[in-house]
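Chemist: Here it is: the structure, laid out below.
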């Protein structure tokens, strides 16, 4: 009898140990990895990630791999080709959305079963995350890449209006290039330009071209003829840039300028106008970071009418996506995370404390955010005609951007004429697109 009880006791003990081991394994945090940038979008997402990890502590944990925005496209492509499965969630920017689509999970079944409804998002971002019948991601950060920032106090001081069309920019920039103390040195420069290598100066060029009603690529990604209005408008863009260099309207050193230099110059009170990513507004309105808080006006990018092909903004939003080649279990956890980042709670936290431009209607129109964001009306106005520009988003975009960069920078250096540079850009685009 004792032997029997002993056997039962051993069996119970074994079962208990196995059960505890199983429970311990079940209770262990399941870790997923998200690939994101080290810039503003990644920083804002960190706020949501910390909140998620706190709420789901002991159950799930998200870890981040962060790289510079400029290098994300190449690393994303490398992962998609190799399909290593290193990442459960990948942050997708408008500039590489189209090239990424074949590798992304269609989230339509997940959205239909678990939510959120795409109607909960502002229309531009809901459209951004849907291509045909596929929902390829959930939006987490709205953004107009070229919202137009202007020193409103300087406009008032000199009796000027903010430029509404591209053809008003140069004259206003001239008048806002200011020597305050008469020592012969410029204290405030009229206009900024991200003129470092690709993709920065290419983005500036395409934004300016679209604002004038021009295109490098058409609706079906065909290269537009250089001997047409599109070529002439490209020449106009480069001629105006060269004029701004020659007249000292651009600050010195713009050939090294990336995404942060225009912001820092404006925060320091040394820049009057620039096209910048719309979430930067929060950093300009922070009195601890900016000397011009409360002095900035926000406008859609100067453009001709839509009837003439003018576009008021380049859509530069961010979404979180799931690779379609990872396991179902990983996809389930990944969706739990990305739907959390797109939730009201996370979006409000990111908007109010992490300089994020929200994607949800209930956050964008929330009284706290309306009071907080002076740029919100301009963002909504710009988003009415904002588009994802194929010159920046298709698979061939890096080669096109390199051609734009090399030739535009050569113009700024005085090495070739604007017309020669524009012709080179269109010719290279034809080669890249296989025509």
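Bear in mind these aren't lab numbers, they're just calculated from the coordinates by the rules spelled out. From a predicted model like this one, the values you see are computed outputs, not experimental measurements. Every residue, glycine as well, gets a Cβ built from its backbone with ideal geometry; the counts of neighbours run over all protein chains shown.
Chemist: At what distance in nm do the modelled label points of residue 133 and residue 70 sit from each other, each positioned 7 Å from its Cα along Cα→Cβ?
Modeler: Each label point is offset 7 Å from its Cα along the Cβ direction, giving 4.3 nm.
Chemist: Additional query: Under the classification rounded if a/c is under 1.5, otherwise prolate if a/b is larger than b/c and oblate if not, where does segment 161-217 fall, given a ≥ b ≥ c as square roots of the Cα gyration tensor eigenvalues?
Modeler: Oblate, because a/c is 1.5 or more while a/b does not exceed b/c.
Chemist: Which of the three applies to segment 40-145, rounded, prolate or oblate, going by the alpha-carbon gyration tensor with a ≥ b ≥ c and a/c under 1.5 meaning rounded?
Modeler: rounded
Chemist: So if we plug the beta-carbon distance of residue 417 and residue 113 into 1/(1 + (r/R0)^6) with R0 = 45 Å, what FRET efficiency do we get, rounded to 0.05?
Modeler: Computed FRET efficiency for residue 417 and residue 113: 0.15.
Chemist: Viscosity 0.692 mPa s, temperature 37 °C: what is the translational diffusion coefficient of segment 316-404 from Stokes-Einstein with a Kirkwood Rh over Cα pairs, rounded to a whole number of µm²/s?
Modeler: In µm²/s, the coefficient is 209.
Chemist: Run the numbers on the chain and let me know its relative contact order in percent, using alpha-carbon pairs under 8 Å that are six or more apart.
Modeler: It rounds to 25 percent for the chain.
Chemist: Evaluate E = 1/(1 + (r/R0)^6) for residue 171 and residue 82, where r is the Cβ-Cβ distance and R0 equals 56 Å; express this FRET efficiency to the nearest 0.05.
Modeler: After rounding, the FRET efficiency stands at 0.60.
Chemist: Right, something else. Mind checking the log10 I(q)/I(0) for segment 224-331 at q = 0.14, 0.19, 0.22 Å⁻¹? Debye, one equal scatterer per Cα, no solvent, two decimals.
Modeler: -0.81, -1.13, -1.30
Chemist: Ok, one more. Using label points projected 7 Å from each Cα along Cα→Cβ, tell me how many nm separate residue 430 and residue 328, to one decimal.
Modeler: 5.2 nm
Chemist: A further question follows. Hey, in the GNM for the chain with a 10 angstrom Cα cutoff, which one of 379, 62, 31 fluctuates hardest?
Modeler: Ranking 379, 62, 31 by mean-square fluctuation puts 31 first.
Chemist: Follow-up. In nm, to one decimal, how far is the modelled label at residue 384 from the one at residue 157, with both set 7 Å along Cα→Cβ?
Modeler: For residue 384 paired with residue 157, the spin-label model returns 3.2 nm.
Chemist: Restricting to Cα atoms and excluding each atom paired with itself, what does the Kirkwood estimate give for segment 111-178 in Å?
Modeler: Hydrodynamic radius (Kirkwood, Cα only) of segment 111-178 equals 15.5 Å.
Chemist: Between the helical axis of 2-27 and the dominant principal axis of the chain, each derived from Cα atoms, what acute angle in degrees is found, rounded to the nearest 10?
Modeler: On a 0 to 90 degree scale, this one is about 10.
Chemist: So for 404, 254, 178, fewest C-beta neighbours within 10 Å to most, what's the order?
Modeler: Ordered from fewest to most neighbouring Cβ atoms within 10 Å, 404, 254, 178 come out as 178, 254, 404.
Chemist: Determine, for 133, 362, 406, the number of other Cβ atoms within 10 Å of each Cβ, and report the residues in order from fewest to most.
Modeler: Neighbour counts put them in this order, fewest first: 133, 362, 406.
Chemist: If you don't mind, another one. On a 0 to 90 degree scale, rounded to 10, what angle separates helix 229-246 from the longest Cα axis of the chain?
Modeler: On a 0 to 90 degree scale, this one is about 80.
Chemist: How large, in Å, is segment 289-359 by the Kirkwood hydrodynamic radius built from its alpha-carbon pairs?
Modeler: For segment 289-359, the Kirkwood estimate is 16.1 Å.
Chemist: Right, here's the next one. On each of the three principal axes of the Cα atoms of segment 270-428, give max minus min coordinate, whole Å, ordered largest first.
Modeler: The Cα atoms of segment 270-428 stretch 53, 49, 35 Å along their principal axes.
Chemist: Which peptide among 116-122, 394-400, 268-274, 218-224 comes first, and what is the full order, when sorted by highest mean count of other Cβ atoms within 10 Å?
Modeler: Highest to lowest by the protection proxy: 268-274, 394-400, 116-122, 218-224.
Chemist: For 433, 72, which order do you get if you count the other beta carbons within 10 Å of each Cβ and list the fewest first?
Modeler: 433, 72
Chemist: If you don't mind, there's one more thing I want to ask. What is segment 31-80's relative contact order, in percent, from Cα pairs under 8 angstrom and six or more apart in sequence?
Modeler: 52 percent
Chemist: If you line up the long axis of helix 200-211 against the longest principal axis of the chain, both from Cα atoms, how many degrees apart are they, to the nearest 10?
Modeler: Tilt of helix 200-211: around 70 degrees.
Chemist: If you find the alpha carbon centre of segment 271-332 and of segment 195-228, how far apart are they in angstrom?
Modeler: The distance from the Cα centre of segment 271-332 to that of segment 195-228 comes to 19 Å.
Chemist: Here is a follow-up. Over the Cα atoms of the chain, how large are the radius of gyration and the largest Cα-Cα distance (Dmax), in Å?
Modeler: 25.2, 107
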